[in-house]
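First up is the structure itself, then whatever we jot down about it.
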Amino acid sequence: MYEYKFIKLNLKGFFESKPKEDYHKIIEEQAKAGWRLVQILAPPTGSYGAATHFELIFEKQL
């Protein structure tokens with residue numbers, strides 16, 4: 001059995017697709033807490049199908 005954690009990273013703006021936070025740091029912090037990165041998802045939810053955020057998906061065995 002696994003449990004999952006979802007962390008949403010908003011992007012800076014319409015013309016800049018960089019996240020507001022340092023995702024490398026978030027991944028390293030979660031790994032130290034026992035979470036394993038499963039996927040980085042960029043759902044097409046904004047204008048013209050562009051992503052407005054990334055979602056980091058982590059899992060940890062129960």
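We did not get these values from a lab; they are worked out from the coordinates using the rules stated. This is a predicted model, so every value here is computed, not measured. Cβ: placed from backbone, ideal geometry, glycine included. Neighbour counts: every protein chain shown.
Can you work out the Karplus-derived ³J(HN,Hα) for every residue in region 51-62? Use 6.51 cos²θ - 1.76 cosθ + 1.60 with θ = phi - 60°, whole Hz, and x for glycine or proline.
Residue by residue, region 51-62 yields 6, 9, 7, 10, 10, 8, 10, 10, 9, 8, 6, 6 Hz.
With a 10 Å radius around each residue's Cβ, average the other Cβ atoms per peptide and rank 55-61, 24-30, highest first.
Values: 55-61: 15.0, 24-30: 12.7.
Going by the mean number of other Cβ atoms within 10 Å, highest first, we get 55-61, 24-30.
If you count, for each residue, the other Cβ atoms within 10 Å and average over each peptide, how do 34-42, 1-9 line up from highest to lowest? Could you put the intermediate results ahead of the total?
Details: 34-42: 13.2, 1-9: 11.2.
Those peptides, ordered most packed to least, come out 34-42, 1-9.
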